[in-house]
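Working notes, beginning with the structure itself.
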Amino acid sequence: MTKRLRLIPRSLFGRMLAIAALSTGVALVFAGITIGNVLERFVMRGLDERLDAQVAVLARAVRPDATLDRTRAVDLPDFGVPGSDWSWHVDGPAGRVDSGTTPPLPAPRPAAPPPAPKPGADRPPPPPGPGGPEDRQLHAGDTRASSGERLHSRTMEVPTPRGAVTITAIGPRRIVEEPLREAMIPLLGSLALLGAGLALATLLQLRFGLRPLRDLRTALAAVRAGTQRHVPDEQPGELQPLVTELNALINQNAAGLAHARQHVANLAHGLKTPLAALSLRLAEAGAGDDVRDMVDQIDRRVRHHLGRARADATGGARSRTPIAPAIDDLVAVLRRIHADRPIAVDIAIPAGLAVAIDAQDLDEMIGNLLDNAWRHARAALAISAAAADGVVTLDVADDGEGIDDAAIAQAMLPGRRLDERGDGHGFGLSITRELAELSGGTLVLGRSTTGGLLARLSLPLRA
């Protein structure tokens, strides 16, 4: 079943092209066979007429006693000429008479003698069938000469009182095949040109007819990229219902996303006041700087999500954030956090390389990747970035034990920890992947050249 389905093209263009090619090929073959048969019948009619004329001459030369009157048996042009493959022979109760050349057809069996007349009858019964030779039916046949050449014959039986006389005229089929071959060569060439023209017309028709589908794909890509909000409504009648449903789905998803963002904004706004009161209480109680720093971080996070909600609600554009300064700051923070693990960090980030990502989102994604690599590295980790085709690829590789292919998918699950040593909650990689996908990027895990884990983060160079 699978092999049979593979023979069917997957694209509409391929399917329609295959159907058009198959139907055109069948039509051209049918036309060639039909026209060839018509031409053969037309050319064969001329040969039959020449043979029938000789048969008619011989039929008039048959006497009532089943013998042939040689004075009336005239040879028409080409008949009786040795080596011309034109010949005739007459077979009857009196024996065989031929044109003088070797007969290519075997002599038929002699007809049975007519019944004896009844006693008292004055004359024999009339011969069966119509009277004149023109009214008798002729039969066609094919055979081969001793040289192997194909021959065509026409045969007629003439009834006489002594029995039936069989008259056969023979001619070469080459006078039919040669003009037929000469006619078929330009005919096949014309059919080939017609097939090429039909193929070109089919390609143009498919290109023009399927253009609305390509335009629809371009419009959907523009909606996905954010340059358009909806697919244009001006579409062909067959695509109009599909476009209507797509725009309705886009509106529904936009409404659901706006609703979710509103919930996030309400939650952040609800936490803002208690955090301010908590900060004042901690200041009055003389709490330590580390506690107040944690509260400040929470407050900055709340303000950040409030700003994102406002920017999304008003259609605000993403800012361009340089990568190198963000990584330098994060590496400095991680050196203090993991002071007990001195790790050599190799940074290769081109100066001025930036991505179309919010600065705090970029810090959160890179921070999760660097913290994960720092905790699992043995002695070193490498950070590199490069831009190509509108995408910035950031690689974070460590020299730790790494993970196998089966564990890579599980590492992306929220709350899933493959290594229970140390702190952590298993949300870093899943949050990083979610933020990357929301920004139009990807996160892929693999194995580094040193055997550890390689985290490849791809982010858009422009919004």
(request) Please calculate the 1.4 Å probe accessible area of F30, with all protein chains present, and give it to the nearest 10 Å². (result) 140 Å²
(message) Not counting ligands, DNA or RNA, and with a 1.4 Å probe, what is E437's accessible surface area in Å² rounded to the nearest 10?
(response) 110 Å²
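Give, in nm to one decimal, the length gained when the segment between F30 and L461 is fully stretched (0.36 nm per residue of separation minus the Cα-Cα distance). It would help to have the intermediate numbers written out before the result.
Numbers: separation 431, 0.36 × 431 = 155.16 nm, distance 5.91 nm.
Fully extending the segment from F30 to L461 adds 149.3 nm.
How much FRET efficiency would the formula 1/(1 + (r/R0)^6) give for E238 and L267, where r is the Cβ-Cβ distance and R0 is 35 Å, rounded to 0.05? Spell out each step's value before the answer.
Numbers: r = 46 Å, r/R0 = 1.30.
After rounding, the FRET efficiency stands at 0.15.
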(message) Can you give me the distance in nm between label points at I185 and E245, each placed 7 Å from the Cα along the Cα-to-Cβ direction?
(response) 5.8 nm
(request) Just flag the GluC sites (Glu not before Pro) in region 228-260 sitting in loop per DSSP whose Cβ has no more than 16 other Cβ atoms within 10 Å. (result) E234, E238
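Give me the number: length gained by fully extending R224 to N253, i.e. 0.36 nm times residue separation minus the C-alpha to C-alpha distance, one decimal in nm.
Details: separation 29, 0.36 × 29 = 10.44 nm, distance 1.20 nm.
9.2 nm is the gain from fully extending R224 to N253.
Excluding A348 itself, calculate the net charge of residues whose Cβ lies under 14 Å from the Cβ of A348, where each Lys or Arg counts +1 and each Asp or Glu counts -1. Before the final figure, lay out each step's value.
Details: positive: none; negative: D328, D346, D395.
Summing Lys and Arg as +1 and Asp and Glu as -1 gives -3.
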(request) Compute the distance in nm between two label points, each set 7 Å from the Cα along the Cα-to-Cβ direction, one at R281 and one at T143. (result) 12.4 nm
(request) Rank by packing, highest mean first: peptides 61-72, 365-376, with packing defined as the count of other Cβ atoms within 10 Å averaged across residues. (result) 365-376, 61-72
(request) Report the FRET efficiency, 1/(1 + (r/R0)^6), for V74 and L12, where r is their Cβ-Cβ distance and R0 is 45 Å, rounded to 0.05. (result) 0.05
(request) With label points built 7 Å along Cα→Cβ from the Cα atoms of F208 and L353, find their separation and express it in nm. (result) 4.9 nm
(request) Multiply the residue gap between A339 and L194 by 0.36 nm, knock off their C-alpha separation, and tell me the result in nm, one decimal place. (result) 44.1 nm
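The values are calculated or read from the model by the stated rules, or taken from the named source; none is laboratory data. Computed from a predicted model, the values in this text were never measured in an experiment. Positions of Cβ are backbone-derived with ideal geometry, glycine not excepted, and every protein chain shown enters the neighbour counts. Remember, those area values only see protein heavy atoms, side chains included, never the ligands or the DNA or RNA. Shrake-Rupley method; radii C 1.70, N 1.55, O 1.52, S 1.80 Å.
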